[in-house]
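Accompanying notes for the structure given below.
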């Protein structure tokens, strides 16, 4: 059902926060359209939706960080304070963001009362008040401990304690289990139940649908900036939520506007039996505690001529895996083998020398040098080969070497000397891809390679990766949370909380099955052809 105002709070519940008909635009993008919901004392409301649905915008409005263009926010039946009056907002709402807001060099007590003290501070009193809060809510952390010594779970407890210290009546938890291991996540659920039992209202924002079903009495679904469903979780099942999030049931073989259908980018010359091809990449038991997303013993392989996709939610460790294989960051345990030889950890130059090409997630930071010309960027990885014995590399030779690569990718520029920073986003990404292809790697690691590019460029870039794999025998590890990128893959590995959850082995891949898998839930078409029963039962995510 669609709702522009808050649902009826029902008998016996106190509405603490009420949002009615909220709109918000950023330029030409309408982020929220007539959104309304209520937060009630002693209840946990789940908020779900796909990336770009408007969740972050709504959280920012509820947190008093931005002002809606239309609509109202009311606290206890009265209009909310003006945006910017942070002290008064904190009396009602405290937000625990996905990325920690803790100052590591301060103690637990200092962080709990940061920005919430008078000009004269009694440290003994702050520590005593912190201990009292910790005791009241069953938290076991020493108030004197420097926060840099705490685990991710303990840091989250400090943030919750800070919210309680300010007397907030509502707590917003934004992807609270993103960096938590499974047992820590279950302890968090117990703390959420403690909060609601104490009369606190909780808004629980999560991509993990099984968590919403476990601890939320009600759930609200945002899609394209609109609140499309509000209902008790007991009245729904996972298919209802997925349908609300994606806009209906997506059948096998059905093509959605704006997404390449499986195979649109093409797999020319695809090997008939890729499993029989030599193994290019072996990842064995890779572990990492990276802030980008932990890895908990990931193992996978890529054969010659094969495009293997890796996908998952933002915190699942997808980018961490790609960066580790490419040598862009280190890892704690495990090994990476290229053609059976170990690749040194955390050394981009060594990985490139071994034959690993890298298309990074952040093209501006890692993909090209903005003030250098197109040809100079494209040939950066082969400059030594082009200069020869003399060590002198003439611009004409650079341009000649870059020309076939830029032509292959239909890169549009004013010429080989035009600074890459002056190009459009799509053409900047083509520079990055061309640079990667220039040294003819035996493995290409691409992390979300089509983010921020138009549809035509997206299909061309994906097609070029598939073509290189098929025509040269290079392996491709395509790490992306954008499902449309996976259309060119031969296999797709899904990570959940840094571990391999399941694998889709036969394209085309069903969009809704992929969504369910990234949420840590099994559908009916995983590990086999779309529409076939799952051949291997998977461990339930909640276990």
Checklist entry - Can you tell me which residues in segment 490-509 are part of a loop (DSSP other than H, G, I, E, B) and in contact with a helix residue (DSSP H, G or I) (Cβ under 9 Å, 6 or more places away or on another chain)? => result 490, 497, 498, 507, 508, 509
Checklist entry - Pick from 135, 124, 144, 166: which is at pLDDT 90 or above and more than 22 Å from residue 293 (Cβ to Cβ)? => result 144
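Can you name the residue in segment 20-36 that is out of contact with any helix residue (DSSP H, G or I) (no Cβ under 7 Å at 6 or more places or on another chain) and at pLDDT 95 or above and, of all such residues, is nearest to residue 204 (Cα to Cα)?
For segment 20-36, the residue satisfying everything is 36.
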Checklist outcome for this item: Counted residues in segment 229-247 being loosely packed, with under 12 Cβ neighbours inside 10 Å and either touching a residue at least 40 places away in the same chain (Cβ under 8 Å) or in the same structural domain as residue 512 (by TED's automatic domain parsing) (or both) come to 0
Checklist entry - Consider residue 487 against the criteria (1) touching a residue at least 24 places away in the same chain (Cβ under 8 Å); (2) over 17 Å from residue 369 (Cα atoms); (3) more than 21 Å from the chain's Cα centre (by Cα): it satisfies all of them except one. Which criterion is unmet? => result (3)
Checklist entry - Are any residues in segment 79-93 under 28 Å from residue 30 (Cβ atoms) and either modelled with pLDDT under 90 or not in a helix (DSSP H, G or I) (or both), and if so, which ones? => result 79, 80, 81, 82, 83, 84, 85, 86, 89, 93
Checklist entry - Among the residues of segment 338-351 satisfying the criterion of being part of a helix (DSSP H, G or I) and either surrounded by 14 or more Cβ atoms within 10 Å (Cβ to Cβ) or at positive phi (or both), which is farthest from the chain's Cα centre (by Cα)? => result 351
Checklist entry - Of the residues 431, 493, which is surrounded by 23 or more Cβ atoms within 10 Å (Cβ to Cβ) and farther than 30 Å from residue 340 by Cβ? => result 431
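Here is a yes/no grid of residues against (1) surrounded by fewer than 17 Cβ atoms within 10 Å (Cβ to Cβ); (2) touching a residue at least 24 places away in the same chain (Cβ under 8 Å):
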{"site": "23", "(1), (2)": "yes, yes"}
{"site": "35", "(1), (2)": "no, yes"}
{"site": "55", "(1), (2)": "no, yes"}
{"site": "69", "(1), (2)": "yes, yes"}
{"site": "72", "(1), (2)": "yes, yes"}
{"site": "84", "(1), (2)": "yes, no"}
{"site": "104", "(1), (2)": "yes, yes"}
{"site": "107", "(1), (2)": "no, yes"}
{"site": "110", "(1), (2)": "no, no"}
Item to check | Hits in segment 352-376 - residues which are crowded, with 19+ Cβ neighbours inside 10 Å and more than 30 Å from residue 337 (Cβ to Cβ) | outcome: 373, 374, 375, 376
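The values are calculated or read from the model by the stated rules, or taken from the named source; none is laboratory data. None of the values given here were measured: they were computed from a predicted structure. Glycine gets a Cβ as well: all are built from the backbone with ideal geometry, and neighbour counts include every protein chain shown.
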